[in-house]
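Notes for the one structure printed next.
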Amino acid sequence: MNRRYLILSPLVIIAVCHVAARIARQALGPWGWAPAVVLYWGLLGATIAMSGRTGALRRWTAPARGARGWTALALLVGLIPLPILAQNLHLLADPVILAAWLLFALINPWFEEFYWRGLLLDATARWPAWAGTAYSTALFVAFHPAVAGVFSAANRDPVALAALGLMGLAWAAAYRRTGTLRWAVASHVLVDLGNLAVPAFLNLYVPPHLG
């Protein structure tokens, strides 16, 4: 895939997923998030495959090269939403929601970190580091209200979006400093568990200040 098209691919993915999310919401109601997410993962995976950079998968999951402080930072930001989980465990009482919550948290971070951090930061490697990081992080944040926000009030919350920006910057910095995404993925798993991603998609969890 041409590097220029690869760099522009987030705009295409966001646009396609936004339309698909609206259709799925109309057809399936709150559970329309599920096919929309599967489409999103498919587009991320297909873009990685067509980029010709699948060989980078081994590098993205390699052990960190020193810089333990950056590894710690990557993991630390993953703890930010855990109080949300601690205060809302009752939302996971339904076995279907519990299973979907666990599956989402175990699958989503791999696709998102490999694409938003690994692929896009590698594709913008010729840019100044701050510019590639800002580009990747800004579009990563923009995806949430544009697509996940079709279903979820929590994904349109300015406070949550600011936290997402902080996490994206930390994960990008950790990748640049350690050469691996394994700790960003681990942190992202914690985030998707802690922010009650699936109950949020179903609007069972809405940030109290939005209520």
| Within segment 98-120, can you find the residues that are open to solvent by less than 10 Å² (accessible area, probe 1.4 Å) and of a type in the set (A, V, I, L, M, F, W, C)? | A105, W116, L119, L120
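Which members of segment 121-134 meet the condition of being crowded, with 17+ Cβ neighbours inside 10 Å and out of contact with any Leu (no Cβ under 8 Å at 6 or more places or on another chain)?
Restricting attention to segment 121-134, the residues satisfying the condition of being crowded, with 17+ Cβ neighbours inside 10 Å are 121-124, 132-134.
If the condition is that a residue be crowded, with 17+ Cβ neighbours inside 10 Å and out of contact with any Leu (no Cβ under 8 Å at 6 or more places or on another chain), then L121, D122, T124, A134 are the ones that fit.
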| task | Name, by its number, the condition in (1) more than 29 Å from A174 (Cβ to Cβ); (2) within 20 Å of the chain's Cα centre (by Cα) that does not hold for I48. | result | (1)
| request: Could you please find all residues in segment 4-38 being touching a residue at least 40 places away in the same chain (Cβ under 8 Å) and open to solvent by 70 Å² or more (accessible area, probe 1.4 Å)? | output: L11, R22, R25, W31
| field | Yes/no for R65 being in contact with a helix residue (DSSP H, G or I) (Cβ under 7 Å, 6 or more places away or on another chain), open to solvent by 80 Å² or more (accessible area, probe 1.4 Å) and more than 22 Å from H188 (Cβ to Cβ) | value | no
| message | I'd like to check something: does segment 174-183 contain any residue that is open to solvent by less than 10 Å² (accessible area, probe 1.4 Å), in a helix (DSSP H, G or I) and small (G, A, S)? | response | yes
| said: Looking only at residues that are more than 12 Å from the chain's Cα centre (by Cα) and hydrophobic (A, V, I, L, M, F, W, C) in segment 194-211, which one is surrounded by the fewest Cβ atoms within 10 Å (Cβ to Cβ)? | reply: L210
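Here is a yes/no grid of residues against (1) open to solvent by 30 Å² or more (accessible area, probe 1.4 Å); (2) at pLDDT below 95; (3) touching a Pro at 6+ places or on another chain (Cβ under 6 Å):
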position: A74; (1), (2), (3): no, yes, no
position: A93; (1), (2), (3): yes, no, no
position: L139; (1), (2), (3): no, no, yes
position: V147; (1), (2), (3): no, no, no
| query | Quick one: would you say L103 is aliphatic (A, V, I, L, M) and at pLDDT 95 or above? | reply | yes
| request: Go through segment 149-168 and give me each residue that's surrounded by fewer than 18 Cβ atoms within 10 Å (Cβ to Cβ), in contact with a helix residue (DSSP H, G or I) (Cβ under 6 Å, 6 or more places away or on another chain) and either farther than 19 Å from W101 by Cα or not small (G, A, S) (or both). | output: R156, L161, G165
| message | Where the second residue is open to solvent by 10 Å² or more (accessible area, probe 1.4 Å) and in a helix (DSSP H, G or I) and the first is closer than 13 Å to G132 by Cβ and charged (D, E, K, R) and lies in segment 166-177, which pairs have Cβ atoms under 7 Å and are six or more apart or on separate chains? | response | R176/A129
| request: Filter segment 76-91 for residues that are within 15 Å of A200 (Cβ to Cβ) and open to solvent by 60 Å² or more (accessible area, probe 1.4 Å) and give the result. | output: I80, P83, Q87, L89, H90
| request: Would you list the helices (runs of 4 or more DSSP H) that sit entirely within segment 1-113 and hold 3 or more residues that are within 30 Å of R126 (Cα to Cα)? | output: 3-28, 33-50, 56-60, 68-77, 95-112
| Filter result for L190 (open to solvent by 20 Å² or more (accessible area, probe 1.4 Å) and in contact with a His (Cβ under 7 Å, 6 or more places away or on another chain)) | no
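The values are calculated or read from the model by the stated rules, or taken from the named source; none is laboratory data. All values reported here derive from a predicted model rather than from experimental measurement. FYI the Cβ positions are ideal-geometry reconstructions off the backbone, even for glycines, and counts take in every protein chain you see. For the accessible areas, the whole protein counts, side chains as well, though only heavy atoms, and no ligand, DNA or RNA atoms are used. Shrake-Rupley method; radii C 1.70, N 1.55, O 1.52, S 1.80 Å.
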